[in-house]
Amino acid sequence: MTTPDRRAHLVRKLSLIGIATLFLLPALGSHEGLLSAQKSRGKPYALIAGTVWGPDDRPVYGVPVKIRRGKDKPKKVRWEVYSDHLGEFAQRVPAGESDYILTADLKGLKPADGKPLHLVNEVTIHIYNDERQDVGLHLAH
C-alpha cells in the first residue's frame, strides 16, 4: 500500500492558485491598483524624526514628545508622539517652510533611580520643504 504524497497535492493546489492569480489580478487590480498608488502619494510632507536620550546617554522608552509650530502659542500642541523601545519617534508634518518646536512631557515618567528628569532645552527645527530632519531630545536629572 502506498501513501499519497501530500507535497505533490500541495504543489498542484498552489500552482492552480498561481495561475488563477496570474489571470485575475490584472483584470481586477489594474485600475484599482493605479488609483490606490496615486492616493498613497497624496500631499507632500516633511518628516521630523528623532531620539529621546536619557541622562546616561541611553535611549528612553515611552516619553511623550509634543510638537507645535513656532508661530503657535506655547500651550497649543499640534502633534504628540511617543518614543519607542529604541527611544525613536517620527511625525509627518506639512511640507513648506515653517519652524517646529519639540518638547518632552515628563509628568508621568518615573525613572528607576527615583530622581526626577527634565528636558535640557526645547528643540527648534526649521523645515524648508519636503525633507527629513533628525533631532535628539536630551533629558537630565
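Remarks
- Within region 43-63, the set of residues being open to solvent by 20 Å² or more (accessible area, probe 1.4 Å), more than 9 Å from GLY87 (Cβ to Cβ) and not basic (Lys, Arg) comprises PRO44, TYR45, LEU47, PRO55, ASP56, ASP57, GLY62.
- Selection within region 45-87 - touching a residue at least 40 places away in the same chain (Cβ under 8 Å), part of a strand (DSSP E or B) and of a type in the set (A, V, I, L, M, F, W, C): ALA46, LEU47, ILE48, ALA49, VAL52, TRP53, VAL65
- For region 88-127, a residue qualifies if it is loosely packed, with under 13 Cβ neighbours inside 10 Å, at pLDDT 95 or above, assigned to a loop (DSSP other than H, G, I, E, B) and on the phi < 0 side of the Ramachandran plot, and exactly one does: GLU97.
The values are calculated or read from the model by the stated rules, or taken from the named source; none is laboratory data. None of these values were measured; they are calculated from a predicted model. Please note: Cβ atoms are built from the backbone with ideal geometry, for glycine as well, and neighbour counts cover all protein chains shown. In case anyone asks, the SASA skips ligands and DNA or RNA and just uses the protein heavy atoms, side chains included. Shrake-Rupley method; radii C 1.70, N 1.55, O 1.52, S 1.80 Å.
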